[in-house]
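Here's the structure, in structure tokens; my notes come after.
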Amino acid sequence: MLKVTLRGLLAHKLRLSLTAVAIVLGIAFVSSTFVVGDTINNVFGAIFTDANQGIAVVVEGQPLAGASQDIGGGQRLPVPAALVPTVRQVSGAKEADGIIFRTGATLLSPSGKPIGGSGPPTFGANWVDSPTSPYHLRSGHSPQAADDIVVDAATAAANGIHVGQTTQMVFNGGPRQTFHVSGIAGYGSADNVAGATITLFTTPTAMRVLDTQGNFDQIAVLSASGVGDATLRDRVAAVLPANMVAQTGGAQANQQKQATQSIISILSTALLVFGLIALFVGSFLIVNTFTILIAQRSRELALLRALGATRRQVMVSVLIEALLTGLVASAIGAGLGILLAIGLARLLGFSLTNGGLTVSPRSFIVSIAVGTIVTVLAAILPARRATRVAPMAALRDAVPEAQPLTRRRIIGGAITAAIGVILLGVGLFTSTDQTLPLLGLGTLALFIGIAYLAPLLVRPVAGALGRPLARLRGVPGRLARENAMRSPRRTASTAAALMIGVALIAAVAVIAASFKASGESAIVGSVNAQLLVTDTSSQAGFSNNDAATLRADPRLADVTEVRANSIVAASANQSLLGIDPAEINHTVTFDMVNGDAGSIADAQNVLIDDTTANARGWTAGTVLTVQFPYAPTTTTKRVGGVYRGNALISGFVVSLATYAASFPTQRDIAILANPAPGQSLTAANKAMTSDLNAYPTLTIQTKQQFVDANSASIDQAQSLIDVLLVLSIVIAALGVVNTLALSVLERARELGLLRALGLTRRQTRSMVRWEAVIIALLGALLGLVIGAGMGAAVVRALADQGLSKLSVPASQLLAYVVAAFVIGVLAAVLPARRAARLNILDAIASE
Amino acid sequence: MTEELAARPDAPPLAASKPAARAVNATKVFGRDDAAVRALDDLTVDFAAGHFTAIMGPSGSGKSTLLHCLAGLDALTSGHVFIGDTELGALKDTELTLLRRRRVGFIFQSFNLVPTLNALDNITLPLAIAGEPANAELLKEVVGSIGLTDRLGHRPSELSGGQQQRVAAARALVSRPDIIFADEPTGNLDSRSGAELLGFLRTAVENFMQTIVMVTHDPLAAAYADRVVFIADGKTVNEMTSPTAEGILDIMKHLGA
């Protein structure tokens, strides 16, 4: 029996090859995700271990209230400089160095463009001549003069920076400053930290340019010989004030590693999801291929049964075929994944110079296992069908009959789809911490349910789509329509594979369009200023001197800063905006539910958005206890008013004066302004541009440009997701090719007859092509309806998060239909050629 | 039989009529070198217009190959075949296809109909492929004569074998081709259905002056023809006009079939 199976496999290897390609693609994606994840983890692990080599103890401030965990400092209380000598005097401490490491230092390239841009972060740090320093000079000397800098080796190499050169820098959106490159250094044994740009200064310069107000971010302590790290840690901890903590260098390295790992695991999980979607789509292809092959081989299977093979043997034979196909394809896919991983790492802007890819056996084993299991599972239903072939079928002229749509199938499909909808509803509209698994399972169930029900739609939809075809294209169109309808299950499952990709893309399109519409409505509704200044190089905010420069310009009016931070209220992190109450209605507007926006002129008052207020039961007059991040204790504030939140403004709002009193550093996230009376917008824009000439990282936008930039960033995110979903579409298109190719083989005699009766090759190709188009359009239409529905549901569920407008991008969805049409035409090329080249005599003679 | 021919004063005498199709020095070799088989060996034959000709011969005699080459479904190794004055060897695939569509009708042994189309659509299929309207009167007459008026809406799977073959015959007739090629059309039918089909073909020859060339191995079927051409080893070896089943059997015995 095994021999028969293997012979069958070899005989059908061509027919199985497209199925194999689908598995290969899906698994390549999955395995590359593993490889990239492992590689990044390993490289980071090595970097942090390297960097902390020899450091016994690290002293840091307590994490700030309301701050999220992040790499790069600024999220903890700063360490007072006066603490360094205290720590150095602890018995057993050989050396203690104050360390600064913060974002906000931007190098400018020779052409004046910020290096780094929106890519990997840029950091500034102080150079410490000590064994605790992870930086090792590659050339030149350490920074000694106030304007000396040392640049990391990777950045220097990428931008042609060399020792002795003069270069310009910008700090936190401020004006250009000139520095002198005194040296190039590596980080540990690496060129830099995974693509991040690091610039090193003397300690006094670092304190000045990074605005540390005389503080450090850490103290690194070296132990004298014979003193254990833990012992030293405890001794150091004993001399620290309550808001400072000490941990061992090893613990610090682990903590840094975990922080990066958690970020990377989000990334690789996201990528893995796309790989699994591709495999899910591929599984439709597998089911379809095996179903068709078994239908075509029913005579052969019946013969085996007539010769005494048991049902079990037939089933095992089909499953072994699936197992071998899955195994071979997954192995190829896992191998291909390594190549893909190199590309993916490049795409993520991650340099592989340090030690190359990490290919663990796990990546291979898991990938191959996943691919094989998916293939075998997908083959089980067709295999069961194979066991039902009666031995009598061997004697009949077995032209594969269309599988009837059973009642059981309809009910099963409806129930599965309903479960999917319920899971999606629960995931979206109730508060649960299992949102993502619920959405994932719900979507899966919905797709499977619809795929089961889709054959019901084949006749009406394909019939309707094909009607104009039959009219326009004559007999080929007519036959294409009939062919698409003759085996509803085959057409449906081929279309369903395409449906999945299209549905996800359509859902993303609806969500993205709604984000854009909500963003635009929020900006138009809340911003009265005609000009806005933002910093493209940093999200940490920019220096407050910039606004002062603009305020001095008589051509501008209503110049006001917007500042942002976060605080803790009702034991949750809340965002906080600082605005000038005098400028309300000139630059920003609040749509008040109750209370008065102007009330924040009183430092005791705050504004809060309606969603938060409703959830907590707050209203104008409510007194709250809040924790400001740098304040040692909590304070009370009074709700001065509740406003309608939107995509741009939500959370707490206080006056700039209150903000200044609560935070040690004053950085703007935006400056708003209007043209002075009598000045045109163009003139004011020009004035602003010349005022901010020295500030290369600041961007001046009109309100409309701000709206457009907001839309553009959403477009960018959307196209990134679309690119990742294209893989599923490609696999679904392969499915269309596969189904048509198998159908052409199956209908060889019919094609021969048609050719004999005078159907030209061109008409034959046209017939196959239009069948493909009908299948593709069916998939696209199903996908669009389901996707738009899912997208709308997500938008409604996120209405509280500022997604106030539901927008269905009709022209975009229409473009997807056109794309599906093109996919159909392309998918038909090879099967159509095969059908047209068919030898008429062979086809008629084949008995 | 002579009386029967005399009863058709419009029928041109066999020898004098212009051939609807002919093969001249037709040679067809399958395979190469040692494995080469000469299916047709310098064969020359004419098929008179307006007549029903049967081709007979033992298995492997080349009779089906001859039919396929005459119909433009296969190409000769050397020699020429003509439909009317058109030499098929000179035609490209599309020209051949158009020729089959316009001037040739087919009835095969089995699998004659497109399973997705109903009987009526199968009958008008060649016209539809060509984008030409069916002659409504002719269609009605043909459909009436095959006795399937009430089954036109049925798909092939809902028709009996005999009904399917009659639909195929109607399809061949409705486009009024210059010549109809029938390849063992009764091969899969019981004797009664076979007789019905042959009677129908005979009537078409009588009523519409339809030219028909039929390959068969059944002397009873061949007896419906005006003339029987006997082929053995790729050559014409004998022929008989106004054949009878007994006469055919006699010749076939000599051919060793």
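The values are calculated or read from the model by the stated rules, or taken from the named source; none is laboratory data. Note that the structure is a prediction, hence the values are computed from the model and not measured. Positions of Cβ are backbone-derived with ideal geometry, glycine not excepted, and every protein chain shown enters the neighbour counts.
In table form, for the structure just shown:
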item: Single residue of segment B:40-77 satisfying the filter (hydroxyl-bearing (Ser, Thr, Tyr) and either closer than 16 Å to B:PHE106 by Cβ or out of contact with any helix residue (DSSP H, G or I) (no Cβ under 9 Å at 6 or more places or on another chain) (or both)) that is farthest from the other protein chains (Cβ to nearest Cβ); result: B:THR44
item: Output for segment B:224-239, where each listed residue is closer than 17 Å to B:LYS253 by Cβ and surrounded by fewer than 20 Cβ atoms within 10 Å (Cβ to Cβ); result: B:ASP233, B:VAL237, B:ASN238, B:GLU239
item: Selected residue (only one of A:ALA230, A:ALA237, A:ALA220 is in a strand (DSSP E or B) and within 24 Å of A:LYS94 (Cα to Cα)); result: A:ALA220
item: Options B:LEU113, B:LEU73, B:LEU66, B:LEU120: the member that is outside any strand (DSSP E or B), surrounded by fewer than 21 Cβ atoms within 10 Å (Cβ to Cβ) and modelled with pLDDT of 85 or more; result: B:LEU120
item: Sole residue being crowded, with 18+ Cβ neighbours inside 10 Å, away from every other protein chain (no Cβ under 14 Å) and β-branched (Val, Ile, Thr), chosen from A:ILE844, A:ILE774, A:ILE823, A:ILE840; result: A:ILE823
item: Condition check for A:LEU698: in contact with a strand residue (DSSP E or B) (Cβ under 6 Å, 6 or more places away or on another chain) and away from chain B (no Cβ under 14 Å); result: yes
item: Segment A:748-768 - residue that is surrounded by fewer than 24 Cβ atoms within 10 Å (Cβ to Cβ) and charged (D, E, K, R) and, of those, farthest from the other protein chains (Cβ to nearest Cβ); result: A:ARG765
item: Looking only at segment B:169-209, and only at residues there that are at positive phi and out of contact with any Ser or Thr (no Cβ under 7 Å at 6 or more places or on another chain), the one that is nearest to the other protein chains (Cβ to nearest Cβ); result: B:ARG176
item: Filter pass, A:LEU301 being within 29 Å of A:ILE448 (Cβ to Cβ), part of a helix (DSSP H, G or I), over 36 Å from the mean Cα position of the chain (by Cα) and at pLDDT below 80; result: yes
item: Condition check for A:VAL421: within 14 Å of chain B (Cβ to nearest Cβ) and either in contact with an Asp or Glu (Cβ under 9 Å, 6 or more places away or on another chain) or surrounded by 15 or more Cβ atoms within 10 Å (Cβ to Cβ) (or both); result: no
item: Output for segment A:172-197, where each listed residue is farther than 29 Å from A:ILE40 by Cα and assigned to a strand (DSSP E or B); result: A:GLN177, A:THR178, A:PHE179, A:HIS180, A:VAL181, A:SER182
item: Cβ-Cβ under 9 Å pairs, at least 6 apart or on other chains, segment A:475-500 side in contact (Cβ under 8 Å) with a residue 40 or more places away in the chain and closer than 17 Å to A:LEU742 by Cα, far side among the acidic types (Asp, Glu) and surrounded by fewer than 24 Cβ atoms within 10 Å (Cβ to Cβ); result: A:SER487/A:GLU401
item: Residue match in segment B:89-107 (condition: more than 9 Å from chain A (Cβ to nearest Cβ), buried (at least 21 other Cβ atoms within 10 Å of the Cβ) and more than 20 Å from A:ARG761 (Cβ to Cβ)); result: yes
item: From A:ALA259, A:ALA306, A:ALA270, A:ALA345, residue being at pLDDT below 85, touching a helix residue (DSSP H, G or I) at 6+ places or on another chain (Cβ under 7 Å) and surrounded by fewer than 19 Cβ atoms within 10 Å (Cβ to Cβ); result: A:ALA306
item: Any chance B:VAL174 is of a type in the set (Val, Ile, Thr), more than 19 Å from B:ALA130 (Cα to Cα) and buried (at least 17 other Cβ atoms within 10 Å of the Cβ); result: no
item: Residue check for A:GLN168: surrounded by fewer than 17 Cβ atoms within 10 Å (Cβ to Cβ), in a strand (DSSP E or B), modelled with pLDDT of 85 or more and on the phi < 0 side of the Ramachandran plot; result: yes
item: Filter result for the condition that a residue is among the charged types (D, E, K, R), within 25 Å of B:ARG22 (Cβ to Cβ) and modelled with pLDDT of 85 or more, over B:ASP178, B:ASP150, B:ASP190; result: B:ASP178
item: Segment A:169-181 residues that are hydroxyl-bearing (Ser, Thr, Tyr), paired with ones that are surrounded by fewer than 18 Cβ atoms within 10 Å (Cβ to Cβ) (beta carbon under 6 Å, 6 or more apart); result: A:THR178/A:GLN168
item: Every pair of residues 6+ apart whose Cβ atoms lie under 6 Å, when the first sits in segment A:692-704 and is within 13 Å of A:LEU550 (Cα to Cα) while the second is assigned to a loop (DSSP other than H, G, I, E, B); result: A:ALA694/A:PRO175; A:ALA694/A:ARG176; A:TYR695/A:PRO175; A:LEU698/A:GLY173; A:LEU698/A:LEU692
item: Some residue of segment B:121-137 being within 26 Å of A:ARG486 (Cα to Cα), in contact with an Asp or Glu (Cβ under 8 Å, 6 or more places away or on another chain) and within 10 Å of chain A (Cβ to nearest Cβ); result: yes
item: Whichever residue in segment A:826-837 is of a type in the set (A, V, I, L, M, F, W, C) and more than 12 Å from chain B (Cβ to nearest Cβ) and, among such residues, is nearest to A:LEU745 (Cα to Cα); result: A:ALA835
item: Test: residue in segment A:104-119 that is touching a helix residue (DSSP H, G or I) at 6+ places or on another chain (Cβ under 8 Å), at pLDDT below 90, outside any strand (DSSP E or B) and buried (at least 24 other Cβ atoms within 10 Å of the Cβ); result: no
item: Search result, residues across segment A:14-42 that are surrounded by fewer than 24 Cβ atoms within 10 Å (Cβ to Cβ) and under 15 Å from A:ILE264 (Cα atoms); result: A:GLY37, A:ASP38, A:ILE40, A:ASN41, A:ASN42
item: Selected residue [out of contact with any strand residue (DSSP E or B) (no Cβ under 6 Å at 6 or more places or on another chain) and under 25 Å from A:ALA694 (Cβ atoms)] from A:THR197, A:THR202, A:THR178; result: A:THR202
item: Residue count, segment A:430-476 (criterion: within 14 Å of chain B (Cβ to nearest Cβ) and either crowded, with 23+ Cβ neighbours inside 10 Å or within 15 Å of A:GLY779 (Cβ to Cβ) (or both)); result: 5
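Here's the yes/no breakdown for (1) at pLDDT 90 or above; (2) buried (at least 18 other Cβ atoms within 10 Å of the Cβ); (3) not in a loop (DSSP other than H, G, I, E, B):
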| residue | (1), (2), (3) |
| --- | --- |
| A:VAL559 | yes, yes, yes |
| A:ASN565 | no, yes, yes |
| A:LEU576 | yes, yes, yes |
| A:ASN594 | yes, no, yes |
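Okay, residues lined up against (1) out of contact with any Phe, Trp or Tyr (no Cβ under 7 Å at 6 or more places or on another chain); (2) of a type in the set (A, V, I, L, M):
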position	(1), (2)
A:ASN172	no, no
A:HIS180	yes, no
A:ALA185	no, yes
A:GLY188	yes, no
A:ASP191	yes, no
A:PHE201	no, no
